[in-house]
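These notes concern the structure reproduced below.
The values are calculated or read from the model by the stated rules, or taken from the named source; none is laboratory data. Predicted model only: the values in this text are computed from it and were never measured. In this analysis, Cβ positions are derived from the backbone assuming ideal geometry, glycine residues included, and neighbour counts consider all displayed protein chains. Please note that ligands, DNA and RNA were not included when accessible areas were found on the heavy atoms of the full protein model with its side chains. Shrake-Rupley method; radii C 1.70, N 1.55, O 1.52, S 1.80 Å.
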Amino acid sequence: MKTLWLAIGLVIVFNVNGQRIQDLLRQAESSYPLLKAKAFEVQAGKSNVSSAKSAALPTLDAAYQLNYATGNNITGMVSTQFIMPMTGPPSSGNDYGGVYGSAGGLLLNWEPFTFGQRSARIDVARAYLHFNEADAKQETFKHQINVINSYLDVLMAHELLKVHSKNLERSKENVRVVHTLTIAGLRPGVDTALFKAELSRAKIDMLNQSNFLETHRAGLAELLATKNLTYSYDSSYFHTLPVFPEDTASSVHPIVALSQSKLEINRNQRTYVQRSLYPKLTAWGTTYARGSGIHYDGTVNSKDGLSFSRYNYGVGLQLSVPLLRFVDVRNQLHQQNALINSQQERLKQVELDLEKQRVVADLTLRNSLEIARETPVLYESAEFGYQSLLTRYNAGMTNYADLVQAQYGLVKAETDLKKSYLECWKALLYEAAVHGDLNVFLKQVN
């Protein structure tokens, strides 16, 4: 018995200096792995935008090579895809003695004008960044709703544990009283056995409720990504009712913003595909040096190829136009237009679902508030009925069954009272969820 009460005592203890809702939300945002992953994805998106912008900068590549090869050459055209090219006049025959050759140089490439292609690529990168930010905001908002809902469940479990604790005390007192009445011959001995059975039932209910509380505490700890759960127990949720929010106008709902960001990606990708048909202007500059073991007059000194003997430079402009990509681009544009139309319909569906949920949320909150205003009357009547029957039973004017039924009714009425108040706060949280604004809930929290 002492072990039982010690376990129950440990369960109902809470940290009065623990974290309130706002503290729990901050902890969840900073600790929950999925939210941290979303934050890293936003960082990656920012880096992608910076990378797209850096494409406007010129590239400068340096190279040096040293080779040992034969110098047998011939006049004529050849594709260099799988064959190493060779420079110099044709040779009179084949000489299989290799000589050294070397080369080194710098090559500068710059695309000063891309006729909108570079800006389109930057816009695509920005669209993906906006999507990552919207996704992170939506995931954070959804997680915050889950944290608050879990916290309310924990508070409800605490309150129900109190309800069953009071019922356990009633059962213990009833056993004591009926035992006295039985000894005095005022009640049959069977009543003592029946009340002891009710006492055991009350203990079992307490243990089940303790397990229920610990289960919800574990769920809240998981949402906070912590093993050492601390929170403030706020009983005001069971004594005060929220006010119906009259002004719920807010910014764009996070899930709508997420859907809009997907549409933005598709539109920018279509622009990028369109501009892929535009020309590109490339400026280049180079300087390089070469060395060869074969001299201009045909004499060979292999080691001379280890050092440079000829030096060159060059600058130029190149304008390139994709002449035969129209069919491919047209098919890609058809694909992008279909994706845009699809995403627009998905966005309409999201807005339609939210509108329906807002109507349901309003009805749920109004109905919950009306029920919560009636449950105190039900509880007071049940408590009065139980006390009256208890007095009548002690006076021998009623039987065991009527008293136990009244006791059950009292436990249920008190449970319904606690649940009705909490359901109002959950309905307010539902309002916050469907309007995409957590302040709808938080501004009514003490």
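Between the beta carbons of Gln81 and Asn341, assuming R0 = 41 Å, the FRET efficiency works out to 0.45 to the nearest 0.05. Taking the chain as a Gaussian network of alpha-carbon nodes connected by springs under 10 Å, the highest mean-square fluctuation of the residues Ile183, Ile340, Ile371 belongs to Ile183. For the stretch 337-446, which whole-number percentage of the solvent-accessible area (1.4 Å probe, protein heavy atoms only) is attributable to carbon and sulfur atoms? C and S fraction of accessible area: 54 percent. Can you give me the C-alpha center-to-center distance between the stretch 144-182 and the stretch 292-317, rounded to a whole angstrom? Here the answer is 96 Å between Cα centres. Once each of the chymotrypsin sites (Phe, Trp or Tyr not before Pro) sitting in a DSSP loop with at most 11 other beta-carbon atoms within 10 Å is removed, the chain keeps 97-295 as its longest stretch. At a probe radius of 1.4 angstrom, the accessible area of the stretch 38-105 per residue rounds to 76 square angstrom.
In this rough spin-label picture, where each label sits 7 Å from Cα along the Cβ direction, the Leu207-Ser320 distance is 7.8 nm. Rolling a 1.4 angstrom probe over the stretch 160-281 with all protein chains present gives an accessible area of which 55% lies on carbon and sulfur atoms. Exposure check, 1.4 Å probe, all protein chains in place: Ser150 carries approximately 10 Å² of accessible surface.
Take Val78: with every protein chain present and a 1.4 Å probe, its accessible area is about 90 Å². Each pair of Cα atoms in the chain enters the Kirkwood radius, and Stokes-Einstein at 25 °C and 0.890 mPa s then converts it into a translational diffusion coefficient of 81 µm²/s.
Of the trypsin sites (Lys or Arg not before Pro) found in the stretch 204-263, those in coil by DSSP whose Cβ has at most 11 other Cβ atoms within 10 Å are Lys227.
A 1.4 Å probe run over the stretch 347-446, with the rest of the protein chains in place, finds 51 Å² accessible per residue. Restriction of the GluC sites (Glu not before Pro) in the stretch 300-405 to DSSP coil positions whose beta-carbon has at most 11 other beta-carbons within 10 angstrom yields no sites. One decimal place: the segment Leu57-Ser236 gains 58.3 nm when fully extended, by the rule 0.36 nm per residue minus the C-alpha distance.
Between Arg358 and Glu214, the distance separating the two model label sites (each 7 Å from Cα on the Cα→Cβ line) works out to 4.5 nm. Accessible area per residue for the stretch 142-283, computed on protein heavy atoms with a 1.4 Å probe, is 47 Å².
Counting every Cα pair in the stretch 313-392, what percent are over 22 Å apart? Of all Cα-Cα distances in the stretch 313-392, 70 percent exceed 22 Å.
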